[in-house]
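Report on the following structure.
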Amino acid sequence: MKIHEYQAKQLLKQYGVPVPEGQVAGTPEEARSVAATLARRVVIKGQVHSGGRGKAGAVKLAGDANEAEAIGKDLLGKTLFFAQANSDLKINNLLVEEAVNIDKEIYVAITQDRVRQRDVLIVSTQGGMDIEEVAHNNPADIARLYIDPLLGLPDYACRAVLFEAKFDKTLIGKMIPVLKALYAAYVGTDATLAEINPLVITKEGTIIAGDAKWDIDENALYRHPELSVLQDDTETDAIEVEAHRRGIQYVRLEGGDIGIIGNGAGLVMTTMDEVKRAGGSPADFLDIGGGAKAEAVTSSLEIVLSDPNVKGVLFNIFGGITRGDEVAKGIIEGVKSLDVKVPIVIRLAGTRAAEGAELLKTTNLVPAETMQEAAAKIVELAYKK
Ligand code: GDP
Ligand code: MN
(Lines give C-alpha, C1' and ligand atoms only; values in the text may rest on other atoms or scores of the structure.)
(Ligands and ions follow the chains in the order given, each with its own letter.)
Protein backbone atom coordinates (compact mmCIF):
# COMPACT_ATOMS: atom_id res chain seq x y z
CA MET A 1 0.00 0.00 0.00
CA LYS A 2 1.47 3.30 -1.09
CA ILE A 3 1.01 6.28 1.18
CA HIS A 4 1.52 9.96 0.42
CA GLU A 5 4.62 12.00 1.17
CA TYR A 6 2.87 14.05 3.86
CA GLN A 7 1.78 10.86 5.64
CA ALA A 8 5.22 9.28 5.33
CA LYS A 9 6.83 12.41 6.76
CA GLN A 10 4.57 12.18 9.82
CA LEU A 11 5.80 8.62 10.33
CA LEU A 12 9.42 9.70 9.88
CA LYS A 13 8.93 12.45 12.45
CA GLN A 14 7.53 9.96 14.97
CA TYR A 15 10.66 7.85 14.55
CA GLY A 16 12.98 10.81 14.94
CA VAL A 17 13.95 11.72 11.38
CA PRO A 18 13.91 15.53 11.01
CA VAL A 19 11.29 16.76 8.51
CA PRO A 20 10.33 20.32 7.47
CA GLU A 21 7.40 22.08 9.14
CA GLY A 22 4.35 21.86 6.96
CA GLN A 23 0.79 20.75 6.42
CA VAL A 24 -1.41 19.24 3.77
CA ALA A 25 -3.84 21.53 1.93
CA GLY A 26 -6.90 20.60 -0.13
CA THR A 27 -7.87 24.08 -1.35
CA PRO A 28 -5.94 27.15 -2.56
CA GLU A 29 -7.16 29.01 0.57
CA GLU A 30 -5.71 26.31 2.79
CA ALA A 31 -2.45 26.49 0.85
CA ARG A 32 -2.43 30.23 1.57
CA SER A 33 -3.09 29.87 5.28
CA VAL A 34 -0.51 27.11 5.75
CA ALA A 35 2.06 29.23 3.90
CA ALA A 36 1.14 32.22 6.07
CA THR A 37 1.81 30.30 9.31
CA LEU A 38 5.18 29.16 8.00
CA ALA A 39 6.03 32.79 7.31
CA ARG A 40 8.86 32.11 4.90
CA ARG A 41 9.59 30.61 1.50
CA VAL A 42 7.58 27.42 1.01
CA VAL A 43 7.70 24.44 -1.30
CA ILE A 44 4.38 23.13 -2.61
CA LYS A 45 4.09 19.54 -3.71
CA GLY A 46 1.29 17.59 -5.36
CA GLN A 47 0.41 14.50 -3.32
CA VAL A 48 0.12 11.58 -5.71
CA HIS A 49 1.33 7.99 -5.43
CA SER A 50 4.27 8.50 -7.74
CA GLY A 51 7.82 9.74 -7.69
CA GLY A 52 9.22 12.04 -10.35
CA ARG A 53 6.84 14.81 -9.35
CA GLY A 54 9.53 17.45 -9.80
CA LYS A 55 9.95 16.46 -13.45
CA ALA A 56 6.17 16.28 -13.92
CA GLY A 57 5.73 19.88 -12.75
CA ALA A 58 4.08 19.03 -9.44
CA VAL A 59 6.74 20.61 -7.18
CA LYS A 60 6.85 24.43 -6.98
CA LEU A 61 8.45 27.07 -4.79
CA ALA A 62 6.44 30.03 -3.48
CA GLY A 63 7.90 33.21 -2.00
CA ASP A 64 4.85 34.17 0.04
CA ALA A 65 1.25 33.25 0.91
CA ASN A 66 -0.21 34.96 -2.20
CA GLU A 67 2.03 32.96 -4.45
CA ALA A 68 1.17 29.79 -2.51
CA GLU A 69 -2.53 30.40 -3.16
CA ALA A 70 -1.90 30.99 -6.88
CA ILE A 71 0.10 27.76 -7.15
CA GLY A 72 -2.68 26.02 -5.24
CA LYS A 73 -5.21 27.25 -7.80
CA ASP A 74 -3.00 25.99 -10.61
CA LEU A 75 -2.15 22.55 -9.22
CA LEU A 76 -5.24 21.43 -7.30
CA GLY A 77 -7.60 19.38 -9.43
CA LYS A 78 -5.04 19.25 -12.20
CA THR A 79 -4.18 15.97 -13.92
CA LEU A 80 -0.54 15.54 -14.89
CA PHE A 81 1.38 12.71 -16.52
CA PHE A 82 3.83 10.98 -14.17
CA ALA A 83 6.44 8.99 -16.07
CA GLN A 84 7.40 6.94 -13.02
CA ALA A 85 3.82 5.69 -12.52
CA ASN A 86 3.33 5.71 -16.31
CA SER A 87 -0.10 7.27 -15.88
CA ASP A 88 -2.09 10.45 -15.57
CA LEU A 89 -2.79 11.25 -11.92
CA LYS A 90 -5.02 13.93 -10.46
CA ILE A 91 -3.67 16.15 -7.71
CA ASN A 92 -6.21 16.27 -4.89
CA ASN A 93 -3.94 17.56 -2.13
CA LEU A 94 -0.79 19.60 -1.73
CA LEU A 95 1.90 19.44 0.89
CA VAL A 96 2.86 22.99 1.81
CA GLU A 97 6.06 23.11 3.83
CA GLU A 98 8.93 25.39 4.64
CA ALA A 99 11.52 25.35 1.87
CA VAL A 100 14.98 24.22 2.83
CA ASN A 101 18.25 25.71 1.67
CA ILE A 102 19.73 22.79 -0.18
CA ASP A 103 23.48 22.33 -0.11
CA LYS A 104 23.61 18.61 -0.94
CA GLU A 105 20.98 16.08 -1.93
CA ILE A 106 21.59 12.58 -0.52
CA TYR A 107 19.76 9.39 -1.49
CA VAL A 108 18.79 6.84 1.17
CA ALA A 109 16.33 3.98 0.92
CA ILE A 110 15.52 0.66 2.50
CA THR A 111 13.66 -2.01 0.57
CA GLN A 112 13.51 -5.77 0.18
CA ASP A 113 16.00 -7.71 -1.88
CA ARG A 114 14.09 -10.85 -2.78
CA VAL A 115 17.10 -12.67 -4.22
CA ARG A 116 19.24 -12.17 -1.10
CA GLN A 117 16.20 -12.49 1.15
CA ARG A 118 17.35 -9.47 3.12
CA ASP A 119 16.33 -5.89 3.55
CA VAL A 120 18.81 -3.68 1.75
CA LEU A 121 19.93 -0.17 2.68
CA ILE A 122 20.87 1.88 -0.39
CA VAL A 123 22.82 5.14 -0.08
CA SER A 124 24.36 7.64 -2.46
CA THR A 125 25.81 11.12 -2.18
CA GLN A 126 24.35 11.81 -5.65
CA GLY A 127 20.68 12.05 -4.61
CA GLY A 128 17.98 14.19 -6.18
CA MET A 129 15.87 13.97 -9.27
CA ASP A 130 18.48 12.21 -11.41
CA ILE A 131 19.17 9.22 -9.16
CA GLU A 132 18.02 6.83 -11.92
CA GLU A 133 20.72 8.21 -14.23
CA VAL A 134 23.31 7.85 -11.47
CA ALA A 135 22.30 4.20 -11.05
CA HIS A 136 22.67 3.72 -14.78
CA ASN A 137 25.81 5.74 -15.55
CA ASN A 138 27.78 5.70 -12.29
CA PRO A 139 26.68 2.59 -10.40
CA ALA A 140 29.81 2.84 -8.20
CA ASP A 141 28.30 5.98 -6.59
CA ILE A 142 25.60 3.84 -5.02
CA ALA A 143 26.41 1.56 -2.07
CA ARG A 144 24.29 -1.22 -0.59
CA LEU A 145 24.15 -2.88 2.77
CA TYR A 146 22.25 -6.15 3.11
CA ILE A 147 20.82 -5.96 6.59
CA ASP A 148 21.18 -8.92 8.95
CA PRO A 149 17.74 -9.08 10.62
CA LEU A 150 19.26 -10.22 13.92
CA LEU A 151 21.85 -7.43 14.05
CA GLY A 152 19.71 -4.70 12.54
CA LEU A 153 21.66 -1.55 11.72
CA PRO A 154 24.52 -1.10 14.19
CA ASP A 155 26.69 2.04 13.91
CA TYR A 156 29.65 0.18 12.42
CA ALA A 157 27.51 -1.22 9.58
CA CYS A 158 26.18 2.27 8.80
CA ARG A 159 29.69 3.65 8.84
CA ALA A 160 30.95 0.96 6.47
CA VAL A 161 28.26 1.54 3.85
CA LEU A 162 28.60 5.36 4.07
CA PHE A 163 32.36 5.01 3.74
CA GLU A 164 31.90 2.80 0.69
CA ALA A 165 29.64 5.47 -0.85
CA LYS A 166 32.41 8.05 -0.22
CA PHE A 167 30.52 10.24 2.27
CA ASP A 168 32.62 12.94 4.00
CA LYS A 169 33.78 12.03 7.50
CA THR A 170 31.85 14.96 8.95
CA LEU A 171 28.69 13.80 7.23
CA ILE A 172 28.98 10.18 8.37
CA GLY A 173 28.39 11.14 12.01
CA LYS A 174 25.24 13.09 11.11
CA MET A 175 23.92 10.35 8.87
CA ILE A 176 24.08 7.41 11.29
CA PRO A 177 21.16 8.43 13.57
CA VAL A 178 19.04 9.18 10.47
CA LEU A 179 19.76 5.75 8.96
CA LYS A 180 18.94 4.04 12.26
CA ALA A 181 15.69 5.98 12.66
CA LEU A 182 14.75 5.22 9.06
CA TYR A 183 15.34 1.51 9.65
CA ALA A 184 13.28 1.62 12.86
CA ALA A 185 10.44 3.28 10.92
CA TYR A 186 10.75 0.74 8.09
CA VAL A 187 10.55 -2.22 10.48
CA GLY A 188 7.97 -0.59 12.75
CA THR A 189 5.53 0.08 9.92
CA ASP A 190 6.13 -3.23 8.08
CA ALA A 191 7.21 -1.23 5.06
CA THR A 192 8.47 -2.75 1.84
CA LEU A 193 9.96 0.57 0.70
CA ALA A 194 11.16 3.55 2.70
CA GLU A 195 12.93 6.11 0.56
CA ILE A 196 14.16 9.61 1.34
CA ASN A 197 15.29 11.40 -1.81
CA PRO A 198 16.52 13.97 -1.30
CA LEU A 199 17.78 13.73 2.23
CA VAL A 200 18.92 17.34 2.35
CA ILE A 201 22.12 18.68 3.83
CA THR A 202 21.22 22.32 4.31
CA LYS A 203 23.50 25.30 3.84
CA GLU A 204 23.26 25.67 7.64
CA GLY A 205 24.76 22.18 7.94
CA THR A 206 21.65 20.44 9.27
CA ILE A 207 20.11 17.28 7.88
CA ILE A 208 16.43 17.02 6.94
CA ALA A 209 14.15 14.78 4.85
CA GLY A 210 13.17 16.69 1.69
CA ASP A 211 10.92 13.92 0.40
CA ALA A 212 9.57 10.55 1.53
CA LYS A 213 8.25 7.61 -0.43
CA TRP A 214 6.68 4.74 1.49
CA ASP A 215 5.13 1.38 0.67
CA ILE A 216 3.53 -0.72 3.40
CA ASP A 217 3.10 -4.49 3.18
CA GLU A 218 -0.67 -5.00 2.79
CA ASN A 219 -0.44 -8.42 4.37
CA ALA A 220 0.77 -6.77 7.59
CA LEU A 221 -1.96 -4.13 7.77
CA TYR A 222 -4.04 -6.28 10.13
CA ARG A 223 -1.61 -5.40 12.88
CA HIS A 224 -1.49 -1.68 12.00
CA PRO A 225 -5.01 -0.21 12.23
CA GLU A 226 -3.34 3.22 12.58
CA LEU A 227 -1.72 2.76 9.14
CA SER A 228 -4.74 1.24 7.36
CA VAL A 229 -6.50 4.59 7.62
CA LEU A 230 -3.74 6.17 5.50
CA GLN A 231 -5.02 4.31 2.46
CA ASP A 232 -6.09 6.56 -0.41
CA ASP A 233 -7.97 4.57 -3.04
CA THR A 234 -8.67 7.46 -5.40
CA GLU A 235 -5.83 6.34 -7.69
CA THR A 236 -6.77 2.63 -7.62
CA ASP A 237 -9.08 0.85 -10.06
CA ALA A 238 -12.62 1.02 -8.61
CA ILE A 239 -13.39 -2.66 -9.30
CA GLU A 240 -10.17 -3.74 -7.57
CA VAL A 241 -11.07 -1.59 -4.57
CA GLU A 242 -14.49 -3.29 -4.31
CA ALA A 243 -12.97 -6.77 -4.76
CA HIS A 244 -10.46 -6.15 -1.97
CA ARG A 245 -13.23 -4.85 0.26
CA ARG A 246 -14.96 -8.21 -0.24
CA GLY A 247 -11.71 -10.07 0.46
CA ILE A 248 -11.43 -11.36 -3.12
CA GLN A 249 -8.02 -11.78 -4.78
CA TYR A 250 -8.67 -9.87 -8.01
CA VAL A 251 -6.46 -7.99 -10.43
CA ARG A 252 -7.99 -6.24 -13.41
CA LEU A 253 -6.19 -6.37 -16.74
CA GLU A 254 -6.57 -3.30 -18.88
CA GLY A 255 -8.01 -4.08 -22.31
CA GLY A 256 -8.96 -7.73 -21.69
CA ASP A 257 -12.43 -9.18 -22.30
CA ILE A 258 -12.48 -12.81 -21.07
CA GLY A 259 -13.24 -13.03 -17.36
CA ILE A 260 -11.20 -15.66 -15.51
CA ILE A 261 -12.16 -17.30 -12.22
CA GLY A 262 -10.21 -20.20 -10.74
CA ASN A 263 -9.03 -21.63 -7.46
CA GLY A 264 -5.35 -21.27 -6.67
CA ALA A 265 -3.07 -18.56 -8.03
CA GLY A 266 -1.04 -20.97 -10.19
CA LEU A 267 -4.14 -22.45 -11.79
CA VAL A 268 -5.58 -19.00 -12.49
CA MET A 269 -2.37 -17.83 -14.14
CA THR A 270 -2.16 -20.99 -16.26
CA THR A 271 -5.78 -20.46 -17.30
CA MET A 272 -4.93 -16.92 -18.37
CA ASP A 273 -2.09 -18.31 -20.50
CA GLU A 274 -4.38 -20.87 -22.11
CA VAL A 275 -7.00 -18.23 -22.94
CA LYS A 276 -4.29 -16.12 -24.51
CA ARG A 277 -3.05 -19.11 -26.48
CA ALA A 278 -6.57 -19.79 -27.73
CA GLY A 279 -6.65 -16.24 -29.12
CA GLY A 280 -8.48 -14.55 -26.23
CA SER A 281 -7.53 -11.67 -24.01
CA PRO A 282 -7.90 -12.23 -20.21
CA ALA A 283 -9.78 -9.45 -18.43
CA ASP A 284 -8.65 -10.33 -14.93
CA PHE A 285 -6.96 -12.60 -12.45
CA LEU A 286 -9.40 -13.87 -9.83
CA ASP A 287 -8.51 -16.52 -7.27
CA ILE A 288 -11.72 -17.71 -5.64
CA GLY A 289 -9.81 -19.67 -3.01
CA GLY A 290 -10.65 -23.07 -1.53
CA GLY A 291 -13.84 -24.79 -2.73
CA ALA A 292 -16.46 -22.74 -4.52
CA LYS A 293 -19.43 -22.01 -2.31
CA ALA A 294 -22.42 -20.35 -3.97
CA GLU A 295 -21.81 -17.14 -2.04
CA ALA A 296 -18.18 -16.86 -3.20
CA VAL A 297 -19.20 -17.67 -6.78
CA THR A 298 -21.88 -14.96 -6.80
CA SER A 299 -19.57 -12.40 -5.31
CA SER A 300 -16.67 -13.22 -7.64
CA LEU A 301 -18.85 -13.35 -10.73
CA GLU A 302 -20.38 -10.01 -9.79
CA ILE A 303 -16.90 -8.49 -9.57
CA VAL A 304 -15.78 -9.93 -12.91
CA LEU A 305 -18.99 -8.87 -14.67
CA SER A 306 -18.84 -5.33 -13.31
CA ASP A 307 -16.08 -4.79 -15.89
CA PRO A 308 -18.18 -3.73 -18.92
CA ASN A 309 -15.54 -5.13 -21.33
CA VAL A 310 -16.13 -8.73 -20.25
CA LYS A 311 -17.70 -10.78 -23.07
CA GLY A 312 -17.47 -14.22 -21.47
CA VAL A 313 -16.36 -15.92 -18.27
CA LEU A 314 -14.26 -19.03 -17.78
CA PHE A 315 -14.35 -20.95 -14.49
CA ASN A 316 -11.47 -23.33 -13.95
CA ILE A 317 -11.91 -25.16 -10.66
CA PHE A 318 -9.69 -27.92 -9.43
CA GLY A 319 -11.57 -29.89 -6.80
CA GLY A 320 -8.93 -31.61 -4.74
CA ILE A 321 -10.77 -32.44 -1.56
CA THR A 322 -13.80 -30.44 -2.65
CA ARG A 323 -16.30 -32.53 -4.62
CA GLY A 324 -16.99 -31.53 -8.23
CA ASP A 325 -20.75 -31.90 -7.87
CA GLU A 326 -20.73 -29.57 -4.86
CA VAL A 327 -18.75 -27.03 -6.85
CA ALA A 328 -21.17 -27.33 -9.78
CA LYS A 329 -24.12 -26.77 -7.43
CA GLY A 330 -22.38 -23.69 -6.03
CA ILE A 331 -21.82 -22.26 -9.48
CA ILE A 332 -25.37 -23.02 -10.68
CA GLU A 333 -26.85 -21.40 -7.58
CA GLY A 334 -24.48 -18.43 -7.75
CA VAL A 335 -25.19 -17.77 -11.41
CA LYS A 336 -28.97 -18.05 -10.82
CA SER A 337 -28.99 -15.05 -8.50
CA LEU A 338 -27.31 -12.86 -11.14
CA ASP A 339 -28.61 -11.69 -14.48
CA VAL A 340 -25.78 -13.02 -16.62
CA LYS A 341 -25.82 -12.01 -20.28
CA VAL A 342 -22.49 -13.48 -21.38
CA PRO A 343 -21.50 -17.10 -21.99
CA ILE A 344 -19.94 -19.04 -19.12
CA VAL A 345 -17.68 -22.05 -19.62
CA ILE A 346 -16.81 -24.29 -16.69
CA ARG A 347 -14.01 -26.76 -16.40
CA LEU A 348 -14.11 -28.97 -13.34
CA ALA A 349 -11.35 -31.41 -12.45
CA GLY A 350 -10.83 -33.80 -9.57
CA THR A 351 -13.17 -35.71 -7.32
CA ARG A 352 -16.65 -36.31 -8.80
CA ALA A 353 -15.96 -34.02 -11.78
CA ALA A 354 -18.13 -36.18 -14.04
CA GLU A 355 -21.11 -35.84 -11.68
CA GLY A 356 -20.51 -32.09 -11.65
CA ALA A 357 -20.51 -31.94 -15.46
CA GLU A 358 -23.74 -33.96 -15.43
CA LEU A 359 -25.41 -31.28 -13.28
CA LEU A 360 -24.21 -28.50 -15.58
CA LYS A 361 -25.93 -30.16 -18.56
CA THR A 362 -29.31 -29.08 -17.20
CA THR A 363 -28.23 -25.42 -17.40
CA ASN A 364 -26.94 -23.15 -20.13
CA LEU A 365 -23.51 -23.19 -18.53
CA VAL A 366 -21.04 -24.88 -20.86
CA PRO A 367 -18.95 -27.69 -19.39
CA ALA A 368 -15.45 -28.51 -20.65
CA GLU A 369 -13.18 -31.40 -19.78
CA THR A 370 -9.73 -29.95 -20.23
CA MET A 371 -8.32 -26.50 -19.71
CA GLN A 372 -7.40 -26.21 -23.39
CA GLU A 373 -10.90 -27.18 -24.45
CA ALA A 374 -12.39 -24.71 -21.98
CA ALA A 375 -10.19 -21.88 -23.27
CA ALA A 376 -11.08 -22.64 -26.89
CA LYS A 377 -14.80 -22.77 -26.05
CA ILE A 378 -14.95 -19.49 -24.15
CA VAL A 379 -12.97 -17.69 -26.85
CA GLU A 380 -15.31 -19.07 -29.54
CA LEU A 381 -18.50 -18.21 -27.64
CA ALA A 382 -17.38 -14.77 -26.41
CA TYR A 383 -16.16 -13.52 -29.77
CA LYS A 384 -19.05 -15.03 -31.79
CA LYS A 385 -20.77 -12.26 -33.70
P1 GDP B 1 9.94 13.98 -6.55
O2 GDP B 1 10.38 14.59 -7.84
O3 GDP B 1 8.58 13.37 -6.66
O4 GDP B 1 10.93 13.03 -6.01
O5 GDP B 1 9.76 15.18 -5.50
P6 GDP B 1 10.79 15.85 -4.46
O7 GDP B 1 10.04 16.18 -3.26
O8 GDP B 1 11.99 14.99 -4.28
O9 GDP B 1 11.21 17.19 -5.17
C10 GDP B 1 11.96 17.22 -6.37
C11 GDP B 1 13.09 18.22 -6.26
O12 GDP B 1 12.61 19.50 -5.88
C13 GDP B 1 14.15 17.87 -5.22
O14 GDP B 1 15.12 16.95 -5.68
C15 GDP B 1 14.75 19.25 -4.94
O16 GDP B 1 15.79 19.50 -5.86
C17 GDP B 1 13.59 20.18 -5.18
N18 GDP B 1 13.07 20.59 -3.89
C19 GDP B 1 12.20 19.92 -3.11
N20 GDP B 1 12.01 20.58 -1.94
C21 GDP B 1 12.74 21.69 -1.99
C22 GDP B 1 12.96 22.76 -1.09
O23 GDP B 1 12.43 22.82 0.01
N24 GDP B 1 13.81 23.71 -1.49
C25 GDP B 1 14.39 23.67 -2.69
N26 GDP B 1 15.20 24.64 -3.04
N27 GDP B 1 14.21 22.68 -3.57
C28 GDP B 1 13.40 21.68 -3.23
MN1 MN C 1 12.07 12.82 -4.38
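Between the alpha-carbon centers of segment 1-45 and segment 89-147, tell me the distance in whole angstrom.
One Cα centre to the other: 20 Å.
Rounded to two decimals, what is the ratio between the C-alpha radius of gyration of segment 1-109 and 2.2 N^0.38 Å?
So segment 1-109 has a normalised radius of gyration of 1.03.
Would you mind classifying segment 29-81 by shape? Square roots of the alpha carbon gyration tensor eigenvalues, ordered a ≥ b ≥ c; an a/c under 1.5 is rounded, otherwise it is prolate if a/b is larger than b/c and oblate if not.
prolate
What are the ³J(HN,Hα) values, in whole Hz, obtained from phi via the Karplus relation 6.51 cos²θ - 1.76 cosθ + 1.60 with θ = phi - 60°, for each residue of segment 329-339 in sequence order, with x given for Gly and Pro?
For segment 329-339, the Karplus curve yields 4, x, 5, 4, 5, x, 5, 4, 6, 10, 8 Hz.
Starting from the amide H of residue 147, placed 1.01 Å from N in the peptide plane, find each other amide H under 5 Å away whose residue is 5 or more places distant or on another chain.
119, 120, 121
Ignoring ligands and nucleic acids, what accessible area does residue 41 show with a 1.4 Å probe (Å², nearest 10)?
Counting only protein heavy atoms, the figure is 100 Å².
Checking the table 90/174; 90/311; 78/311; 9/203 against a 32 Å threshold on Cα-Cα, which pairs fail?
Correct reply: 90/174; 78/311.
List, in order, the whole-Hz ³J(HN,Hα) value for each residue of segment 370-385 obtained from phi through the Karplus relation with A = 6.51, B = -1.76, C = 1.60 and θ = phi - 60°; use x for Gly and Pro.
So the Karplus estimates, Gly and Pro as x, are 10, 5, 5, 5, 4, 5, 4, 5, 5, 5, 4, 5, 5, 9, 5, 7 Hz.
Please state the Cα pair-distance histogram of the chain with 10 angstrom bins from zero: what percent is in each bin?
5, 20, 23, 18, 16, 12, 5, 1
Measure nothing fancy, just the Cα-based angle from helix 65-75's long axis to the longest principal axis of the chain, in degrees from 0 to 90, nearest 10.
20 degrees
Dividing the Cα radius of gyration by the Kirkwood radius, what Rg/Rh value follows for segment 120-180?
Result for segment 120-180 is an Rg/Rh of 0.98.
Taking the C-alpha atoms of segment 238-385, how large are the radius of gyration and the largest Cα-Cα span, Dmax, in Å?
Rg, Dmax (Cα atoms, Å): 13.5, 39.
Please list 195, 218 from largest to smallest accessible area, probe radius 1.4 Å, with all protein chains kept in place.
Output order, biggest surface exposure first: 218, 195.
Using a 1.4 Å probe, how large is the accessible area of residue 89, given in Å² and rounded to the nearest 10?
Rounded to the nearest 10, that gives 20 Å².
Let me know the shape class of segment 164-203, please: from the alpha-carbon gyration tensor, a ≥ b ≥ c as square roots of the eigenvalues, rounded when a/c is under 1.5, otherwise prolate if a/b is greater than b/c, or oblate.
Prolate.
Would you please classify the overall shape of segment 76-121 from the alpha carbon gyration tensor, given that a ≥ b ≥ c denote the square roots of the eigenvalues, rounded means a/c under 1.5, and beyond that prolate means a/b larger than b/c while oblate covers the rest?
Since a/c reaches 1.5 but b/c is at least a/b, the shape of segment 76-121 is classed as oblate.
Quote the relative contact order of the chain in percent (integer), defining contacts as alpha-carbon pairs under 8 Å separated by 6+ residues.
13 percent
I need two numbers for segment 56-185: Rg to one decimal and Dmax as a whole number, Cα atoms only, in Å.
Rg, Dmax (Cα atoms, Å): 18.2, 52.
Which value, in Å² rounded to 10, gives the accessible area of residue 269 with a 1.4 Å probe and all protein chains present?
Accessible area of residue 269: about 100 Å².
Measuring from label point to label point, each 7 Å out along Cα→Cβ, what is the residue 116 to residue 361 span in nm?
Result for the modelled spin labels: 6.1 nm.
How much of the accessible area of the chain, in percent, comes from carbon and sulfur atoms when a 1.4 Å probe is used?
52 percent
What list of ³J(HN,Hα) values in whole Hz, one per residue of segment 217-223 in order, does the Karplus curve 6.51 cos²θ - 1.76 cosθ + 1.60 (θ = phi - 60°) give from phi, with Gly and Pro shown as x?
5, 5, 6, 9, 5, 4, 9
Working out 0.36 nm times the residue gap between residue 295 and residue 270, then minus their Cα-Cα distance, what length gain in nm do you get to one decimal?
Length gained, residue 295 through residue 270: 6.5 nm.
Going down the table (276/361; 104/166; 2/73), which pairs top 23 Å between alpha carbons?
276/361; 2/73
Could you state the number of Å between the C-alpha centres of segment 183-254 and segment 348-385?
42 Å
The values are calculated or read from the model by the stated rules, or taken from the named source; none is laboratory data. These numbers come from a predicted model, not from an experiment. Note: ideal-geometry Cβ built from the backbone for every residue, glycine included; neighbour counts use all protein chains shown. Note: accessible area is taken over every heavy atom of the protein model, side chains too, but ligands, DNA and RNA are not part of it. Shrake-Rupley method; radii C 1.70, N 1.55, O 1.52, S 1.80 Å.
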